[in-house]
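So the structure is just underneath, and the comments pick up after that.
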Amino acid sequence: MPTCRRKRVVLTEPTEELVRALETDPGREVFYLEETGEIFETYESYAARMSFYRLKQFQCEVTGKSGLDYFQAVESERQEARTMHARFSEPLKSPVLRAVQWQVMGRLDHLVEAVFDRFKDRYFKSEKVLVDIEGVKYYGLIEKVYPPRFSADQQARDAFKDTDLSERTLDEEQPHLYGGDLNIPIQEANTKDNPELYYYWVHILELEKDKGEKSKVAKTATEKDTKVIGSVMECQCNTLSRDRLSFSKSILRRFIRDCVDRDAAVASPWTVKPLIAKHYGVSSIMPEETRKGVEDIKKGEIDKRKKVWEDREGPPTKKQKKMTAGQEGKDPLPFVVGRKEREAQEKAEKERLAKEEAEAERIAVEKKKKRPVRYPTEDLDIRINDKDKKAGIHLQRPMAQRSGLPCNDSPNTFESMLLCWNFLNAYGEPLHVWHFTLDDLACALQHTMSDLPCPLLGEIHSNLIYNLRTVPFTRHNATLSLLKLKETFGSEHEVFGVTVEQLMGALADVGNNWERVPLRHGEGREGWEDALVGCLKDHATLENFPRLREILTQLFFSPPQDVSETSCSDVQTLTHPSLPAERYYSLSPEDRLSILSFFCNLAVSSKTVRSHMETCEEALTEYRKTKIDVNRLKKQHLQDMSALAVEAEITQNGTNGAEEDTPMNDGSELSDTSGGDHSSVTKRKATKKQDMRVANAKARGAARAKQAQQKQALAEHRRLDEEVSKLERRLESIEREFRQHVGGVRAKPLGKDRFYNRIWWFDGLGCTAANNPALGQYGTGRIFIQGPSEFDLDILKRREDGVDARRLEEEGEEGVLGSSDWAAYSTLEEYVAWLNPKGHRELALKTALTKWWVPITAGMKKRIAELNAYLKLPDARRSSRNKGGPGHDISQQPYMQWKNRRALTHNQ
């Protein structure tokens, strides 16, 4: 059974109500956990139990492996049990289980030791053993077991071989019955049932392979192997042994632990599990003598513990003397007084302990209050104090722009546009779409001049349509969905004054061959509007595209001629039949965005996009490995540089060696000139000068060597410094490439602030990595802030009661964002200054913003510069509805100047 925190996991029993419902309501639905057989009444209890089982906190009781969930621990135990039962000697299982049944031992190790000592020299019929023959071991199979009474008579053993089974006694059929009884002391058991007096008739099977072939003795025994193998011989226990894989203390411990169990009560006996006992013929009924012995042991253990507990309580206040026969009739007042004194003393002791506990709690609370806070900590636990205010920390978050975001008036519309832009740019390479800015997409969605088509809309829709040809679809899917709608609401139901039958009639002949229409880039993607309708007819339904009927109605019907200049969203009746190429630019930006979002969601499952995702995953793996190697090499270079710096500093600060090696002239030699020979003195002076010249030369050589070594160390230090700089640039390049390929797999926010608002930066993902601010290119040119999710809002309310008031104080009334609200920052300095690095989330966010500070701020500056430049030109002023007029040249707008440099001109 797996353990959790060193305790066995107890399975949940069905409630009494469920047990009663088995009789009254047998058809009642319940939640059944198949792996454990548990039954639950509610889904909440079932899910809670399953969540508990999935935690990585369980341990395999057999192998000791930890960090597993419950099911992994169970499978580990089952696998080990199968392996153990396959290895453990089968004929030995029944005697071992009979020996351990009803044994009272506190520790399993003691039981294992006792069993091992009893059975290490006792063997049984059909057991596979090792036979030692003149130093060479062979595998053998025991065919006969002779009890000790045949040990002195070989003829009796031969006669025993041929006796009928029904004529044999109990000790002949079940050998070692007396010696295997653990209730008998081992000395007595070995005396009455000596294992050395047993004889075994063994059939030799084969040579022991692992050890026998490697030993020198086995090499000499190869000649007699043919004679020994296959023969039958008589052996005793001193020549027999068991393989350690089949019988050892460790495997014996695992076998016993798997087969026996014990209650938690004091002095409970070890009992073989009922099914295992039945399988091996072990009696599950405790004998009366054994029961009395167990009860006596249990009573003695309880008395012993009671005595120990009483001794711990301390001696009585006044030693009581046993009353004599004459004292029994006297007044027992002294004994009553002694009891009252003890009770008073116990009461005073309890009051003293209560006061000590209260004092200890008070001290612990004070210490907890005085304990300094370790930063970074939970962001919500940080409050701006007077010291922070004096340091210049901003009290309120800078106001983010909400009104300047396109299509941000209706819920989730801006988010859909942001997702579409990110998808088209992140997968621009496989989709063959050149990168464009978010402002270009916003202006293109608001473009209304059908006589001056927008190339951006034609390119992105055409390439998406090409891609969706590989996605499985059902022919006339939209028509079938409209027929179901007709059956539900009737044939007279109208939208914009058009019935379902009229809409289906207009749909019949448009876009039927959309998957074969060329849509060539050189021809301006002519016909992409009809192909768009055909793609919607086969891919869209009212379930996956709720606005399908309204959009198709607006594409095939126009208002009366007198209101033709009015947008579709401003009229209620569309009666004049029209074509999608004429009517697409009358759609509202929200409807165009819903079509684009639907196409992008479908394109995610296309083969091209999936293949690109797999390529990005492989590239990310390679970048991770490369980053590890580069960091390892950088670390090694830095260590070498530290060693070289120490060596160069020691050499530079040390002396050149010439002065300290130059010997000083000793004046005592001058005194020898008067008394000694002049020639000998001169000779000694010359020798001395020669020695000094040699010493000075060696010193100068050593100094030059040290200088050369210093120069070499400094040169090597400079070289390694350059290598480290190169590696750092390589790491920066890897980070950019890593972010680029992450955009092809998933988009993650840079981080979250203290209120779980998510911060997004979309530039540098996928093909937007080509957006180099130095070249005047950017993607969004902003960072976006999204409100906390519903899950995060729930966490906020749980962690802090007054979180709404705090958000109003620190974010401002207009700055509080809901879960679907978005805002943007065009500058970064004030927002980063508001972040408090003492919190976990805001520290990580500030680190990420600092890491990408250069490209973020450069993109922001480029975008602001472009907007200011176009605002200064009168013919480049942007209009939300793009109405032509004097001074407005729509064709010169940036989104109209965009060109698709990735278009495949040879087949598109």
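The values are calculated or read from the model by the stated rules, or taken from the named source; none is laboratory data. Here the structure is a predicted model, which means the values were calculated and not measured. Backbone-built Cβ (ideal geometry, glycine too); neighbour counts: all protein chains shown.
Observations, loosely collected:
- Filtered by the rule that a residue be hydrophobic (A, V, I, L, M, F, W, C) and either crowded, with 20+ Cβ neighbours inside 10 Å or in a helix (DSSP H, G or I) (or both), the stretch 520-544 gives Trp528, Ala531, Leu532, Val533, Cys535, Leu536, Ala540.
- Scanning the stretch 780-802 for residues that are of a type outside the set (Val, Ile, Thr) and surrounded by 13 or more Cβ atoms within 10 Å (Cβ to Cβ) yields Gly781, Arg782, Phe784, Gln786, Gly787, Pro788, Ser789, Asp792, Leu793, Leu796, Glu800.
- Of Val30, Val19, Val9, all but one fail to be in contact (Cβ under 8 Å) with a residue 24 or more places away in the chain and either loosely packed, with under 10 Cβ neighbours inside 10 Å or among the hydrophobic types (A, V, I, L, M, F, W, C) (or both); the exception is Val9.
- Checked against (1) part of a loop (DSSP other than H, G, I, E, B); (2) modelled with pLDDT of 80 or more, Pro430 passes all but a single condition, namely (1).
- Applying the condition of being in a helix (DSSP H, G or I) and either touching a strand residue (DSSP E or B) at 6+ places or on another chain (Cβ under 6 Å) or of a type in the set (Val, Ile, Thr) (or both) to the stretch 385-414 and asking which residue is nearest to Asp591 (Cα to Cα) yields Thr413.
- Considering residues of the stretch 500-519 that are touching a Ser or Thr at 6+ places or on another chain (Cβ under 8 Å) and buried (at least 17 other Cβ atoms within 10 Å of the Cβ) only, the residue farthest from Ala903 (Cα to Cα): Val500
- Count - residues of the stretch 794-820 that are among the acidic types (Asp, Glu) and in a loop (DSSP other than H, G, I, E, B): 4
- Subset of the stretch 447-468 [among the charged types (D, E, K, R) and either assigned to a helix (DSSP H, G or I) or not assigned by TED's automatic domain parsing to the domain that holds Leu519 (or both)]: Glu459
- Among the residues of the stretch 455-482, not one is exposed (fewer than 14 other Cβ atoms within 10 Å of the Cβ) and within 25 Å of His576 (Cβ to Cβ).
- Lys726 vs. criteria modelled with pLDDT of 85 or more and within 30 Å of Leu431 (Cβ to Cβ): no
- Selection status of Glu487, part of a loop (DSSP other than H, G, I, E, B), exposed (fewer than 15 other Cβ atoms within 10 Å of the Cβ) and charged (D, E, K, R): no
- Residue pairs meeting the criteria (Cβ under 8 Å; at least 6 apart or on separate chains; first closer than 20 Å to Ala648 by Cβ, in the stretch 690-707; second of a type in the set (A, V, I, L, M, F, W, C) and surrounded by 14 or more Cβ atoms within 10 Å (Cβ to Cβ)): Ala703/Ala658
- Comparison of Ala774, Ala805, Ala769, Ala833 shows that the only residue that is modelled with pLDDT under 85 and either surrounded by fewer than 16 Cβ atoms within 10 Å (Cβ to Cβ) or polar (S, T, N, Q) (or both) is Ala774.
- Among the residues of the stretch 102-117, those that are part of a helix (DSSP H, G or I), touching a residue at least 60 places away in the same chain (Cβ under 8 Å) and closer than 23 Å to Arg291 by Cβ comprise Leu108, Leu111, Ala114, Val115.
- Among the candidates Tyr46, Tyr53, residue that is in contact with a strand residue (DSSP E or B) (Cβ under 6 Å, 6 or more places away or on another chain), outside the structural domain of Val260 (by TED's automatic domain parsing), aromatic (Phe, Trp, Tyr) and not in a strand (DSSP E or B): Tyr46
- Flag if Gln740 is crowded, with 16+ Cβ neighbours inside 10 Å, of a type in the set (S, T, N, Q) and either at positive phi or assigned to a helix (DSSP H, G or I) (or both): yes
- Lys726 being surrounded by fewer than 19 Cβ atoms within 10 Å (Cβ to Cβ) and either more than 30 Å from Lys607 (Cα to Cα) or among the acidic types (Asp, Glu) (or both): yes
- Enumeration of residues in the stretch 589-619 that are part of a helix (DSSP H, G or I) and of a type in the set (A, V, I, L, M): Leu593, Ile595, Leu596, Leu602, Ala603, Val609, Met613, Ala619
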